[in-house]
1. Identify all residues within region 88-136 that are of a type outside the set (Gly, Ala, Ser), under 27 Å from Met24 (Cβ atoms) and surrounded by 15 or more Cβ atoms within 10 Å (Cβ to Cβ); write none if there are none.
2. In region 77-118, what count of residues is obtained for those that are of a type outside the set (S, T, N, Q) and closer than 22 Å to Met149 by Cβ?
3. Here is a list: Lys181, Lys121. Which entry is of a type in the set (D, E, K, R) and closer than 25 Å to Ser42 by Cα?
4. Which residues, counting only those in region 110-167, are β-branched (Val, Ile, Thr) and assigned to a helix (DSSP H, G or I)?
5. Evaluate the following for Asp198: is it at pLDDT below 85, acidic (Asp, Glu) and more than 20 Å from Leu233 (Cβ to Cβ)?
6. Give the number of residues within region 170-183 that are modelled with pLDDT of 85 or more, surrounded by 17 or more Cβ atoms within 10 Å (Cβ to Cβ) and farther than 20 Å from Glu225 by Cα.
7. Could you run through region 227-246 and say how many residues are of a type in the set (Gly, Ala, Ser) and surrounded by fewer than 24 Cβ atoms within 10 Å (Cβ to Cβ)?
Amino acid sequence: MASVQVLRQRIRSVKNTKQITKAMQLVAASKMRRAQETTKASAPYSSSARELLASIGRHQSAKHHPLFMKRTIKNRLIIVIASDKGLAGAYNANIMKLYAEQLIDDRRNGIDTQTITIGRKAAQFAARLKDSRVVGAYEELPDNADSPMFKAILNSAVDKFVSREVDAVDVIFTEFISMAKQQVDVVRVLPAGLKFTDKTDDMDEADYEPSAQELLDAIAYRLVEARIFQTLLESRASEHSMRMVAMKNATDNAADLISDLTLVMNKSRQGAITQELAEISGGVEAINL
């Protein structure tokens, strides 16, 4: 059994770790609340943007618009959204697992894949894969749609699609469903107006003024921007939520470990006292003989 002094040092070390994980839990909780509020605030706009894109995409004039043009997929761009830091539970691992599966599927189907990574963890993982062709890596991306880095990602994706360098643009991100549930997903943002199942029958009958083509030119880019930005917001909310849970679990585990070590220390100390008393009693008896 370890000595009392060693056990005290271990308890002190675990207590220091517990203080750190508790502080990280509180910071993550604060960031998660802000990210959750931002995500919920932008969700109606993002949903309406997808609905409008789906409706316009079914219009005759959209068939030949550069952002709506459907082609056989021979080249694909994947935007992978992960975190810059670890200690977020399975957040990054789930993203990387889905990304690796997408690369395997593309290779099996003869599709050439390009990758833009958002977050240091995504860049590090992609760099280790032999089948990964990274054309852009971004770290410390701010939660601002007007930031130069976000604009660079958006413009790069749009330019590659319009120039036919790629035939589709997908985003791998973590959807924020609730504080207790997050789900990794892949969504197609280009060509625009795909895979939207909400009711849009009323908009199908709408008249466009001045014209559908001018409307497409004016808003298609902004609606695609809104879609990609929403995936970024949901990823951030999911990251902070999963980090908060991970740090809470770490704090609880540290508390349990402190209790166990304290119990062991007390037993060790009690055993040492009992042994000392036995030795004293034995010494007294030896003297009296």
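The values are calculated or read from the model by the stated rules, or taken from the named source; none is laboratory data. All figures in this text were calculated on a predicted structure; none of them were measured in a lab. Positions of Cβ are backbone-derived with ideal geometry, glycine not excepted, and every protein chain shown enters the neighbour counts.
1. Correct list: Tyr91, Asn92, Asn94, Ile95, Met96, Leu98, Tyr99, Thr117, Ile118, Arg120, Lys121, Phe125.
2. So the answer is 16.
3. After ruling out the rest, the residue left standing is Lys181.
4. Scanning region 110-167 gives Ile153, Val158, Val162.
5. No: the conditions fail for Asp198.
6. Residues meeting the conditions: 1.
7. The qualifying residues number 1.
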